[in-house]
Amino acid sequence: MLPNTCIPPRDRPATRKAAARVRVVETGALETSTMPMRPPNVLLVLTDDQGYPPIGANGHPFVQTPHLDRFRAEAVRFEQFHAGTTCAPTRAGLLTGHYCNSTGVWHTVGGRSLLRADEWTLANALGEAGWRTGLFGKWHLGDAYPYRPQDRGFQHSIVHGGGGIGQTPDRWGNDYFDDTYLVDGAPTPFQGYCTDVFFKEALKFIEAEPEAPFFCLLSTNAPHSPFNVPPEFQALYAGKTATESYARFLGMISNIDQNFGLLRARLAAAGLEQDTLLMFASDNGQCPLAVAQEPGAYNAGMRGLKGSMYEGGHRIPFFIRWPAGGIGDGREVSVNTAYVDLMPTVLDLCDVAAPAERSFHGQSLAALARGDQPGPAWTERTLVTDTQRVPRPVKWRLSCVMSGAWRLINGAALYDLATDPGNAAMSPLSTLGSWPSCARPMKRGGPSATVRRTESFRSPSATSAPRSPCSPATTCATTPATGSGTRARFGGATRAPATGR
């Protein structure tokens, strides 16, 4: 792993090109000046177990999210953005640009949520290029050295333990209110509700040095179970839900929304809004503990919740806005994109070059965010997600291979979202030869292609040559790790294999 050295802004390496600055003039049109563009601040707000549906502007009939609705209308929204189906895997992919299984993170417990020590994170990359880096809220990629956030590029962190407040690795007695969190590893008591605390501390970090670019990951524990929420937010849904847990779940989201509105107001008051690359996402589908118990709960016409290989398990909201960089105006991008695209996108927009020995499974979304029309490389792209939650990955287990509107489930059932958006009926295709030609590569290049792209699954402590991802009980067909002189092909795009991570 490259050292985490923070280079002062004036001494940053020449990895960013001079660029034109974009601003909105009185007519509403974009005007370009020759003024050099300031490197953007980077701020990702990531919620836990919220999913795509419970946002008013995404069609929910009564959830109260006015600030997120407004941001969605002003940002670029990626309508087919896909993640892992559970918490830690998505976080691993967002922070590395690699499919989660290749990073050692395919579960949430049992040592399978530890991000491999040789992974180069987004915090590493931006910290080495001169950004201040901070994490507030949920980490879930390791609680002991060398897996803690302070070991992975975050210069300042305030986090709870494990995968949720109150879980075994967390401080005894934490219950979302007046809890003790780890401040750069030191237990420190706080007053207030967890989401309020994390937003408040993130703002302190942001405003401490307003002239220095920052990367802030504001990763809420909410609306993760057990759905503890201030009473006034639960009261917003009195008489609107059949179950108390669903009212609490939505109340937690409305609390996030209120904090998100305050965050944006403070960015504007500090003169930081124009120069901040602000992103909002969730980590996976809606929490079944709240939504599955609610009769008729809104799921945006999708099948499945958190942990599911169907659309509702891994399609998440992803909104991105950077006014000075020409990203915004309520544009919609409908091609398939994924969590592995976030790191290459951020580095591209920040004009930070990755070292030659680093590569990504994802691709930069910068051009799409700025309004370029997607070509065949995007429309014919293949993406993969799965739910392992076992000691060792099993080929095709609870998997979804995506290409255009096609969804191949578990390597066996083929669905066409164009005619069957709810995955209600499998396409009547019994053999590979009878499948549409555009869908056949999905069968040949699903999880096996992911293995090729990610070299192989290794034990969390491995730093040498990878080994087969298959246990003796599985029938996974593998491809050996490719050398520096070969290339791996996947989803219509040819790129060098990941090495030396």
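Checking the a/c ratio against 1.5 first, then a/b against b/c, what shape does the Cα gyration tensor give for region 161-267? Oblate shape, in that a/c is at least 1.5 and b/c is the bigger or equal ratio. In region 313-365, what trypsin sites (Lys or Arg not before Pro) fall in a loop by DSSP, with at most 15 other Cβ atoms inside 10 Å? Here the trypsin sites (Lys or Arg not before Pro) that fit, given the DSSP loop and packing criteria, are R331. Given the C-alpha centroids of region 142-183 and region 285-360, what is the distance between them in whole angstrom? Between the Cα centres of region 142-183 and region 285-360 lies a distance of 24 Å.
Where a number appears in this text, it was derived from the coordinates with a stated rule and is not lab data. Owing to the predicted nature of the structure, the values given are computational and were not obtained by experimental measurement. Quick reminder, even Gly has a Cβ in these numbers, built from the backbone with ideal geometry, and neighbours come from all protein chains shown.
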